[in-house]
Structure formats: C-alpha cells, structure tokens
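The values are calculated or read from the model by the stated rules, or taken from the named source; none is laboratory data. Keep in mind the model is a prediction, meaning the values are calculated, not measured. Virtual Cβ from ideal backbone geometry, glycine too; neighbours counted across all protein chains shown. Accessible surface is based on the protein model in full, side chains and every heavy atom, while ligands, DNA and RNA are left aside. Shrake-Rupley method; radii C 1.70, N 1.55, O 1.52, S 1.80 Å.
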Amino acid sequence: MNILGIESSCDETACAIVKDGREVLSNVVYTQIPLHQPYGGVVPEVASRAHIEKIHGVVKEAMRAPVDAVAVTYGPGLASSLLVGLNAAKGLALSLGVPLYGVNHIEAHLHTPFLYDTGAQATTVSAPESYMPALGLAVSGGHTTWVDMPSYGEYKIIGQTLDDAAGEAFDKAAKLLGLGYPGGPVIDRWARGVSLTDDLPRFPKGAPRPGTAALAGLDAELCVSFSGLKTALLYSVRKNPPKDDAEKARLVAAYQEAIVGALADRTARALKRRSYKVLIVGGGVSLNGRLRVRLAEVAQSAGVPLLLAQPKYCGDNAAMIAGLAFWRRNVVGDAALAVDVNPSLQPGD
Ligand code: KG4
Ligand code: ZN
C-alpha cells in the first residue's frame, strides 16, 4: 500500500510516498529556514504564506508512484500552517478518489527510525510491533515528550517539558548570543571542541519547580523545565559577557550539557519504571551529537537497544507522516474530509 503524506505544521513544506509504512519511495522537503533566519525564529504569517506558495510544487515533485491513500499532519503545530497542508491533502484525496488519514506530528517523529530508502541496503531495524513495549522520546523545536508505547500505535505521555521544548531552549540561547538560527545545530558545532572535564560555567539542571508537574498530572521525576536555563544564560551574559569565541564556546557547551543531561537523566529514570524492549528517539534535537552519545550510554546501561532515525528523517518531513499512517489512521474514510486542524494535539489523542 502506497501512502502519500503531507506535512506543513511548522517551517517545512514536505511531501513523500511510503510503501507499507516503511519503504520511502519519494521524499521532498522544502525548508523555510532562510525566510525565518532574519527574525531568529519562525514567523507564523511568513510560514503559512510560504507553504501556500510551495505546496503545489512539492507535492508534484513527490508524486512518483501510484497512491492508495493520502495522510496529513493535522496537529500539533501552527494553525495557519497546518491548514495549508490539510486543505491540499483534502483536495488531493478527493481528486484521486482515495481515503484521507489524519496523523499526529509527534507520534510520527517516533516512527522515523523505522523508515528506510527504497533501493538502499536492507535495514537492520525490524517491524515496529516486534519492539513493544517501547519508551519513546520526541525532542524537537516544539516538543519534549516521553511516551510509553505498550503496543505500536498506542501512546501514553509519562513525562514532558513543563515550559520550553529542548529545541526552543537551543534556539533562544543562540539568538541571545547572536549565533544564528536554528540554534541547535550551531550550538552543537560550537560545543564540539570544548573539553567537558574543564571547569565549565554552571547552569540549572532542568528540574521542574515543585508542584508544576503535578498540575499536568505527571510525575516530576520524568519532567523537565528549560525556561530557568535560558534566564540563567541571560543573567550570566549580562554579568560576564564572553570575552572571546573560546569563552562563548565554553558557555554554550555548558548550556548544551545542562539540556542533554536533563534529557538523558529523565530517559534513564523512565527506562527503570518498566521493562521496555527498546528506546525510540525522534525529532530535530535527536541530531545533537552529544545527546546521541548520552542516550546511547543510557540505553546501554538499561540493556535496551536505541533506535534513532537517519539524519534526514530527524527534522520535519512527510515520510514519517505517510509511514505512521500505515499503522495509525486517526481519521478514516469520508469523515476525514470534515477533519479540522488541532494545534494542541497530544500523543495518544
Ligand atoms: O523536528 P524539527 O525539525 O521541528 C519541530 O517539530 O520542531 O526540530 C527543529 C528543532 C530546532 O529547534 C533546532 O534547533 C533543533 O531541532 N535541532 C538541533 C540540532 N539540529 C536541529 N538541536 C540540537 N542539536 C542539533 N544538532
Ligand atoms: Zn517536528
């Protein structure tokens, strides 16, 4: 079964065709990063306008195989951006006479390790069902969420950020230090040469304020808070502005260490809560070199394999939407034409 996926929840306009949920037949991503760079963050009006301009060309380029169904991200994300993809998907499904499925963007990030390219060497990753129950961690610019996956297509949030997402924390720090946008890759690069055994600047470790996790109905031990980290960086820079690039690098390395340390620590705790068969990690922040190292350590000491996506499937793309739709079709058949966007959709909804 070939499913065509469309993704437009944030600043990437994307379309892909995936066979039987895993084999990527085509994958086209138009990224708007250069459009948002001057502002140091995504501007919703600029994003939705660019989606409108690009979606037709992107879909046309990806249409390289017969299509049996159309899948589309209907949340979470920016409402005005989601609408562009959803309406394109409705039009396409109607004109092709095929069903339309709504897909959750965060759940789709957790499908990325299962994708492989058509014609490439056989993947070593088995079918998703064989790894359940799994612990999933979705880390991106908009989300930092730990989910319990008892079976494939079932998601229960067990932990999350109570304020800023990990990627947002990277992006805000880079903006503050004038390092450019998006901040994650830049900080990753700046931090690479810094020795972690040195006496680095100190940052809060991402612990939530007492009581805040309970308000979200979650266990504080599995939650993070990154807004204090960003404030600490602001005060530190005001008090002691870095004198040269070496000092700036030490500062961002310490900041990255605080984020990565918090993510690794909560993941290690979650892995102790029940016996999982695998740790699945997806989202743009999973490209972070230091995070990959720390998560590999955590997975190894828990005795579970770590499944990460190929780099090109870590950031936003439509192959993950088309792929997950093979297992999880939130809205099926004609009813899908009545579906609306849901900017605050959560995993498991
Ligand atoms: O998954 P994604 O493309 O979009 C969202 O769904 O948000 O993630 C984008 C986020 C940005 O915040 C970006 O700074 C971050 O992923 N990111 C990274 C790295 N590459 C991208 N963060 C840390 N290290 C990286 N190497
Ligand atoms: Zn994303």
message: Checking Glu107 against (1) open to solvent by 10 Å² or more (accessible area, probe 1.4 Å); (2) of a type outside the set (Val, Ile, Thr); (3) within 24 Å of Ala335 (Cα to Cα), only one condition comes out false. Which one?
response: (1)
query: Within the set of pairs 6 or more residues apart or between chains, which connect a residue that is assigned by TED's automatic domain parsing to the domain that holds Leu251 inside region 167-192 to a residue that is within 9 Å of ligand 1 (Cβ to nearest atom) and part of a loop (DSSP other than H, G, I, E, B) with Cβ atoms less than 6 Å apart?
result: Gly167/Ser140; Gly167/Gly141; Glu168/Gly141; Asp171/Pro182; Asp188/Asn288
Filter result for Gly142 (touching a helix residue (DSSP H, G or I) at 6+ places or on another chain (Cβ under 8 Å), within 24 Å of Gly284 (Cα to Cα) and within 16 Å of ligand 2 (Cβ to nearest atom)): yes
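Let's see how each residue does on (1) away from ligand 1 (no atom under 15 Å from the Cβ); (2) open to solvent by less than 20 Å² (accessible area, probe 1.4 Å); (3) part of a loop (DSSP other than H, G, I, E, B):
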site: Ile17; (1), (2), (3): yes, yes, no
site: Val24; (1), (2), (3): yes, yes, no
site: Pro38; (1), (2), (3): yes, no, no
site: Val46; (1), (2), (3): yes, no, no
site: Arg49; (1), (2), (3): yes, no, no
site: Arg64; (1), (2), (3): yes, no, yes
site: Val67; (1), (2), (3): yes, no, yes
site: Tyr74; (1), (2), (3): no, no, no
site: Ser80; (1), (2), (3): yes, no, no
task: Output the residue which, of all residues in region 273-307 that are within 16 Å of ligand 1 (Cβ to nearest atom) and of a type in the set (Lys, Arg), is surrounded by the fewest Cβ atoms within 10 Å (Cβ to Cβ).
output: Arg292
- request: Quick one: in region 25-42, of everything that is in contact with a helix residue (DSSP H, G or I) (Cβ under 6 Å, 6 or more places away or on another chain) and within 19 Å of Gly284 (Cα to Cα), which residue is nearest to ligand 2 (Cβ to nearest atom)?
  value: Val42
